[in-house]
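First the structure, in the form of structure tokens, and then the observations on it.
The values are calculated or read from the model by the stated rules, or taken from the named source; none is laboratory data. What you see is a predicted model; the values in this text were computed from it and never measured. Note: ideal-geometry Cβ built from the backbone for every residue, glycine included; neighbour counts use all protein chains shown.
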Amino acid sequence: MTVSTEPTALPAEFACAGGRELAMEMMRRMQRVRLFEEATKVLFHAGELPAMVHLSIGQEAAVVGACLATGTSDYMTGNHRSHGHPIAKGARLDALMAELLGKATGVCGGKGGSMHLADFSVGSLGESGIVGSAIPVATGAALAAQVRGSGQVALCFFGDGAASEGVLHESMNMASIWKLPVVYFCENNGYAVSVTAEESLSVPDVSMRAAGYSMPGVTVDGQDVLAVYRATAEAVRRARAGEGPSLVEAKTYRFHEHAYGLQVPTPYRDQSVVDSWFATVDPLTLFHDRLVAWDVATSQELDALRAEVRSEVDAAVEFARVSPFPPPEAAYTDVYKEVTA
Amino acid sequence: MTTATRAKQLGFLQAINRAQTEEMTRDERVILMGQDLRANVFGAAAGALEKFGPSRIRDLPLAEAGSIGVAAGAAMAGLRPIIDLTVASFVFGAMDQFVSQLAKARYMFGGQATLPVVVRAALYYHGGTAGHHADRPYPMFMNVPGLKIILPSTAPDLLGLLKSAIRDDNPVLCFEDANLWGRKGRGPIPDADHIVPLGQAAVRRTGTDVTIVGIGLGAFLAEQAAAELAADGISAEVIDPRTLVPMDWPTIFESVTRTGRLVVVDPANRTCSAASEIAARVAEDCFDALRGPLVRVTTDDTHVPFSPALEKQIYPSKDKVVAAVRRTFV
């Protein structure tokens, strides 16, 4: 296990050609996740969102650092805390937002909704509303990459709650015996709804589970996008080199309730502590301050970037609002594929 | 039957092996994963490892849920996996992956996912396998949109349907009635590239007085019963649906409309069986033609007991089918 320490300058691997652009792209995608989700809060309060959403706010560095360590042609699966994964993988915001509103122009035609986003054009093979259920799917995508010799890897997001699901263990075992090119990535936000990871896990770090499956396991500071990127990039390198799977755990924070707007009768965490996280461990603020301190970008440049993303999100919301709902008959299509090979 | 003629017949396990071998030769995206394949413990994978190599022939660890999910993911990423789960009772450990991933991924993702997966599972009832190995769980999957289901009763049908299943772009569950592995399930060896399309029933025997729909071993029992009833002057038509999803409703409706009577023989447990669905659909769509009660011959709603003194009575039998047909003549 390693924990990142505070560097004093842009780390060497980002100081090279393309490094600054990569760092700025990390910031851009974290802003996309943040502002997209801030917009869903507005839609929720306006009664425009047909269902609850599970926000990744607080977890952007984990999601973006992991996704940017893969390429667009690599595969990815995720879970109910779903928006950040396809956004970070490079999916278009307008089709994602339209999906949240159940519109025909949604990335899944309005049939998936918030918890079941997928954008195959960027390797996003789907989020799963059933906790842990997509873990074998990512493992299977890695198997396909291996059999076809394509050089692709699969990035498999799951949470600390899913670390107790049987399919994680079945999948890690299969990936290990077959040396599949898959990266198991745990966003450990400390809570499975209300139950703490400490109470529900037999180990202090999910990454320790890797030892049982003969694969490297590492825990990183999930609020540090560079640390997440570095750890995931090493796991991706191993996978592409045929060395097999890895487990990366990002210790992170869920700033909002399990589902936004969920009223929990008996408090299970101290709200004043949760509120303090915005000031102390906000991954966007932390990275913003670093980029400025390291002279990678000025505050003005970062403000401009945020404004660009704000326009992109506003356009996505407008696109979603004006898009039509699917026609009733769409409820009966895509159950089967009609044309066969 | 002489040894010479029997040797010219196709058996169930040979049919599986031939279908898999032909389709894996035809399409390199087809891979075969299952339990004990390399050692060919279950008898349908002879020569597969030698012919196709360890990348495409894989013995799975004992992880049913993981196996079905891996197949779903591999299919979404371009392969066409066949999973041999061996015993049908093992599907229960994988139920979430069958329902939440394999069946729903295409729909939930708006048609982006294509899931050409075949899952094979044998129905090992009638042989002392008792509670944990003798299930006939296909009706549960008929209740899950997105899955196709085949349940052939002859080896040539199994060959042709399994090949169609492997070529289909949807998940197909292939249930194999192990009671047909012996002489009962044999049939003439078909020519090369024998294809039976999904969704086409076979009329095993034509008749005018009653329609007997028989599933799996039930089709065999229906033919036996029809022969006995013929001696009494009752002309029974026997239909083997062969595919349960999509069901060949036109063939069944046309027959019942002519005969006015229906018996369904189904080895599944009675409540919400395939027979229940067939009877319900016939009641809805052929009501005016009916001349007697719709009668189901199924396994009784109990678990499979071990003792030979207990087991046989719970299943459909030729005598139960004959009695059911007589009940339709009220």
Boolean, B:ILE195 is over 15 Å from B:ASN17 (Cβ atoms), touching a helix residue (DSSP H, G or I) at 6+ places or on another chain (Cβ under 6 Å) and surrounded by fewer than 18 Cβ atoms within 10 Å (Cβ to Cβ): yes
Filtered residue count, the stretch A:169-205, keeping only those that are more than 17 Å from the chain's Cα centre (by Cα) and of a type in the set (A, V, I, L, M, F, W, C): 11
Residue satisfying condition, being within 30 Å of A:PRO326 (Cβ to Cβ) and crowded, with 23+ Cβ neighbours inside 10 Å, within set B:LEU147, B:LEU158: B:LEU147
Criterion (hydrophobic (A, V, I, L, M, F, W, C) and over 18 Å from A:HIS288 (Cα atoms)) met by exactly one of A:ALA88, A:ALA104: A:ALA104
Leading residue by the ranking (nearest to the chain's Cα centre (by Cα)) among those in the stretch B:38-66 that are within 9 Å of chain A (Cβ to nearest Cβ) and not hydrophobic (A, V, I, L, M, F, W, C): B:GLU64
Selection from the stretch B:56-71 of residues that are touching a Ser or Thr at 6+ places or on another chain (Cβ under 8 Å) and assigned to a helix (DSSP H, G or I): B:GLY66, B:GLY69, B:VAL70
Unique residue being farther than 25 Å from A:GLY65 by Cα and more than 14 Å from chain B (Cβ to nearest Cβ) when the list is A:PHE255, A:PHE278, A:PHE319, A:PHE287: A:PHE319
Evaluation of A:ASP334 against (1) away from every other protein chain (no Cβ under 14 Å); (2) surrounded by 13 or more Cβ atoms within 10 Å (Cβ to Cβ); (3) not aromatic (Phe, Trp, Tyr) (one fails), failing number: (1)
Residue within the stretch A:236-248 that is crowded, with 21+ Cβ neighbours inside 10 Å and over 21 Å from A:ALA144 (Cβ atoms) present: yes
Residues that are farther than 22 Å from B:MET76 by Cα and facing chain B (nearest Cβ under 10 Å), drawn from the stretch A:88-122: A:ALA104
Residue among A:SER164, A:SER128 that is of a type in the set (Ser, Thr, Tyr) and within 10 Å of chain B (Cβ to nearest Cβ): A:SER128
Selection within the stretch A:20-34 - of a type in the set (A, V, I, L, M, F, W, C) and crowded, with 19+ Cβ neighbours inside 10 Å: A:ALA23, A:MET26, A:MET27, A:MET30, A:VAL33
Members of the stretch A:8-43 found to be part of a helix (DSSP H, G or I), under 12 Å from A:VAL225 (Cβ atoms) and not β-branched (Val, Ile, Thr), listed by number: A:PHE14, A:LEU22, A:ALA23, A:MET24, A:GLU25, A:MET26, A:MET27, A:ARG28, A:ARG29, A:MET30, A:GLN31
Test: B:PRO81 is in a strand (DSSP E or B) and either touching a Pro at 6+ places or on another chain (Cβ under 7 Å) or at the interface with another protein chain (Cβ under 9 Å from one of its Cβ atoms) (or both): yes
Every pair of residues 6+ apart whose Cβ atoms lie under 6 Å, when the first sits in the stretch A:268-291 and is within 23 Å of A:VAL195 (Cβ to Cβ) while the second is of a type in the set (A, V, I, L, M, F, W, C): A:TRP277/A:PHE255
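Out of the strands (runs of 3 or more DSSP E) lying entirely within the stretch B:229-328, which hold 2 or more residues that are surrounded by 18 or more Cβ atoms within 10 Å (Cβ to Cβ) and touching a Pro at 6+ places or on another chain (Cβ under 7 Å)?
Correct list: B:262-269, B:295-299.
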B:VAL99, sole failed condition from (1) more than 7 Å from chain A (Cβ to nearest Cβ); (2) crowded, with 22+ Cβ neighbours inside 10 Å: (2)
Test result for A:ALA69, aliphatic (A, V, I, L, M) and buried (at least 16 other Cβ atoms within 10 Å of the Cβ): yes
Residue match in the stretch A:180-191 (condition: surrounded by fewer than 24 Cβ atoms within 10 Å (Cβ to Cβ), closer than 27 Å to A:VAL53 by Cα and not aromatic (Phe, Trp, Tyr)): yes
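Quick grid of which residues meet (1) charged (D, E, K, R); (2) touching a residue at least 60 places away in the same chain (Cβ under 8 Å):
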site	(1), (2)
A:GLU165	yes, no
A:LEU168	no, no
A:ALA175	no, yes
A:LEU201	no, no
A:MET215	no, no
A:ALA227	no, yes
A:ARG230	yes, yes
A:GLU234	yes, no
A:VAL248	no, yes
Failed condition for A:GLY65, given (1) of a type in the set (Gly, Ala, Ser); (2) part of a loop (DSSP other than H, G, I, E, B); (3) more than 12 Å from chain B (Cβ to nearest Cβ): (2)
Some residue of the stretch B:33-55 being modelled with pLDDT of 95 or more, assigned to a strand (DSSP E or B) and surrounded by fewer than 20 Cβ atoms within 10 Å (Cβ to Cβ): no
Selected residue (only one of B:ALA113, B:ALA74, B:ALA94 is within 13 Å of chain A (Cβ to nearest Cβ), part of a loop (DSSP other than H, G, I, E, B) and either aromatic (Phe, Trp, Tyr) or in contact with a helix residue (DSSP H, G or I) (Cβ under 7 Å, 6 or more places away or on another chain) (or both)): B:ALA113
Qualifying residue in the stretch A:314-326 (condition: at pLDDT below 95 and not in a helix (DSSP H, G or I)): no
A:VAL296 vs. criteria more than 14 Å from chain B (Cβ to nearest Cβ), surrounded by 11 or more Cβ atoms within 10 Å (Cβ to Cβ) and either over 22 Å from the mean Cα position of the chain (by Cα) or of a type in the set (Asp, Glu) (or both): yes
Yes/no for B:GLY69 being over 21 Å from the mean Cα position of the chain (by Cα) and within 11 Å of chain A (Cβ to nearest Cβ): yes
Strands (runs of 3 or more DSSP E) wholly inside the stretch B:129-220 that include at least 2 residues being of a type outside the set (Val, Ile, Thr): B:172-177, B:202-205
Residue selected from the stretch A:140-160 under the condition of a type in the set (Gly, Ala, Ser) and within 14 Å of A:TYR184 (Cα to Cα), by the criterion farthest from the other protein chains (Cβ to nearest Cβ): A:GLY159
